[in-house]
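The values are calculated or read from the model by the stated rules, or taken from the named source; none is laboratory data. No experiment lies behind these values; they were computed from the predicted model shown. Cβ: placed from backbone, ideal geometry, glycine included. Neighbour counts: every protein chain shown.
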Amino acid sequence: MNKAAWALVLAVLAIPAMSAGAQHLPGTTAGSPMPQGQVELQSRAQLVANVGSWDILAELLGKLYSTGTPLSSFESVTVGGYYRVIPNLKVGALARLQAGARHDNDVLAVTSDPTTDWTWADSSARLEGVLMLDVSPRFQLGFLPTGNWVLMLKGRYEYNTWNGQMSIMARPELTWFWIRDRDPFLNVALSYEMYFPLNFGSTLLYQSYPYLTVLWHATPEVGIELAAAYKNTSWTQSDSWLVAGWGSYTTTVQSWVVSLGVVYTPSF
Amino acid sequence: MRSKVLGFLALLFLAGLPAFLFAASGTIVYTEGEVSLRSGSETRDAAIGDAVGPGSLIVTGPRSLAVIDLTNATTVKLRERTSLAIDSIGESTSVTLTAGAVFTTITRKLTGRFAVQTQGAVCGVRGTEFFVAYGRTIDAKPDVWMCVNDGTVEVSIPQTGQTVLVPKGLGINIVGGEKITAPRAYAWTRKLNWNIDPQSGAVEDRTSLEQAYSDLLDQDYD
């Protein structure tokens with residue numbers, strides 16, 4: 001190979017490296033706290049009380065995820081309700097109080113430490129309120145085997161009162177019910193949840209994940225739920241990053257979410 | 001003197017007459033809408049005061065009901081679209097429900113036995129108020145729902161030998177007429193109208209049995 005050929009090969013190899021350096025992505029530095037493929041462990045306890053056409057909902061949720069040591073956590077309390085307008089449509093309003101949530105601006109540029117270029121803001125004690133409006137049409141797919149299939153298309157508007165961020169969540173969900181003695185015994189649901197940011201980020205989708213949920217009805221009113229999701233989150237440059245003069249970036253982080261829950265569904 | 005004796009005997013006769021006439025029978029005490037009564041080969045519109053007995057078949061039409069007072073202290077209320085046959089009245093009183101739903105109330109201390117038979121199952125009374133109804137027919141096998149408002153009811157399936165005691169406030173489903181589920185409280189039974197006395201208010205019960213079944217479109221978990 002002559003010198004010209006070697007120069008061409010080196011140039012091709014150098015272009016991605018140069019562009020990566022110019023983009024200055026968080027996570028490119030050794031010891032970065034934004035690793036790929038981490039596992040988030042989630043647990044939740046939920047009450048859904050049915051009173052006629054109304055469902056009253058309350059949920060406690062906790063999540064642990066690794067960004068080094070110690071583990072980071074997210075906690076939330078959600079309350080609200082749904083109203084069944086017609087058999088195939090429910091609308092709802094919910095409010096959530098959360099701590100430990102992370103947003104784009106929680107990526108803080110570090111200019112004083114040569115071993116890393118950024119860190120997460122500590123949001124563990126930061127309380128945020130989220131208001132949600134929910135609409136969920138659903139249809140029973142009687143033509144499928146057993147007939148016990150339901151397709152739901154959930155849409156939810158979310159408004160974070162702490163930072164003013166708004167988003168739309170859309171989630172198609174297909175659930176199969178194993179009916180035993182006329183009651184659900186096991187639900188298996190396959191969903192794809194997508195968050196569309198309305199006033200933040202630079203991507204169409206901020207977060208998306210397919211997930212599989214299995215709900216075992218231990219009793220007619222108590223269900224044990226196990227779910228797994230593969231989450232994609234797109235992070236866009238923070239204000240701190242721009243102030244540091246490091247330009248813009250968009251990076252997608254994948255992680256696994258494993259969730260264990262208990263659901264109590266009394267009827268009155 | 002002789003006339004006084006004759007008068008007393010006449011009084012005794014008249015007092016005993018109803019008991020004699022209806023010793024092994026019952027009476028239709030209230031109806032709404034279309035109610036027919038079949039006795040032997042004759043079928044006619046039922047009227048308040050009609051006597052019913054073994055072999056009688058009472059059928060109610062849509063938005064109709066009937067209340068029957070059986071002489072063994074049992075009152076039965078038939079909901080709309082119900083078909084109830086009287087098998088026997090007396091020491092052992094038995095009725096067979098072939099469609100629809102009935103409320104049963106023991107108005108006094110029960111002497112002897114009382115049972116409501118359905119396809120495949122028998123609900124034997126140890127209590128005072130219970131409800132038996134046909135639900136959906138799935139794979140050509142009808143479900144039967146039963147719930148107890150007061151006392152205890154013994155439900156049995158002679159074919160399988162399964163017997164379950166259902167206490168006050170709980171109900172069961174006889175799945176396809178073949179299997180009795182464990183007794184439990186059903187929210188839908190709280191809406192049942194147990195009243196059998198028109199003087200005390202509305203007698204009609206329009207609780208939908210569809211509520212007994214899980215509505216797959218009403219399952220939300222987040």
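Structure summary
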item	result
Set A:119, A:78: member being over 30 Å from residue A:267 (Cβ atoms) and either β-branched (Val, Ile, Thr) or more than 20 Å from the chain's Cα centre (by Cα) (or both)	A:119
Strands (runs of 3 or more DSSP E) completely within segment B:36-140 that count 2 or more residues being closer than 29 Å to residue A:180 by Cα and at pLDDT below 85	B:122-125
Out of A:220, A:197, sole residue that is more than 11 Å from chain B (Cβ to nearest Cβ) and touching a strand residue (DSSP E or B) at 6+ places or on another chain (Cβ under 8 Å)	A:197
Residue pairs meeting the criteria (Cβ under 6 Å; at least 6 apart or on separate chains; first in contact (Cβ under 8 Å) with a residue 60 or more places away in the chain, in segment B:185-206; second polar (S, T, N, Q))	B:192/B:207; B:194/B:149; B:196/B:75; B:196/B:105; B:203/B:195; B:205/B:193
Residue selected from segment B:166-194 under the condition in a loop (DSSP other than H, G, I, E, B), touching an Asp or Glu at 6+ places or on another chain (Cβ under 7 Å) and not charged (D, E, K, R), by the criterion farthest from the other protein chains (Cβ to nearest Cβ)	B:194
Sole exception among (1) under 30 Å from residue A:118 (Cα atoms); (2) within 13 Å of chain B (Cβ to nearest Cβ); (3) charged (D, E, K, R) for residue A:180, by number	(1)
Given (1) crowded, with 19+ Cβ neighbours inside 10 Å; (2) of a type outside the set (S, T, N, Q); (3) away from every other protein chain (no Cβ under 14 Å), index of the condition residue B:197 fails	(1)
Residue list for segment B:200-222, filter: buried (at least 16 other Cβ atoms within 10 Å of the Cβ) and touching a helix residue (DSSP H, G or I) at 6+ places or on another chain (Cβ under 6 Å)	B:207, B:212
Criterion (out of contact with any Phe, Trp or Tyr (no Cβ under 6 Å at 6 or more places or on another chain), modelled with pLDDT under 50 and within 16 Å of residue B:75 (Cα to Cα)) met by exactly one of B:10, B:23	B:23
Complete set of residues in segment A:228-252 that are in a strand (DSSP E or B) and without any contact (Cβ under 8 Å) to a residue 60 or more places away in the chain	A:228, A:229, A:230, A:232, A:233, A:234, A:250, A:252
Criterion violated by residue A:125 - all others in (1) within 13 Å of chain B (Cβ to nearest Cβ); (2) assigned to a loop (DSSP other than H, G, I, E, B); (3) touching a residue at least 12 places away in the same chain (Cβ under 8 Å) satisfied	(1)
Residue within segment A:152-168 that is among the hydrophobic types (A, V, I, L, M, F, W, C), closer than 22 Å to residue B:213 by Cβ and within 14 Å of chain B (Cβ to nearest Cβ) present	yes
Residues that are touching a residue at least 40 places away in the same chain (Cβ under 8 Å) and hydrophobic (A, V, I, L, M, F, W, C), drawn from segment A:46-62	A:47, A:48, A:49, A:51
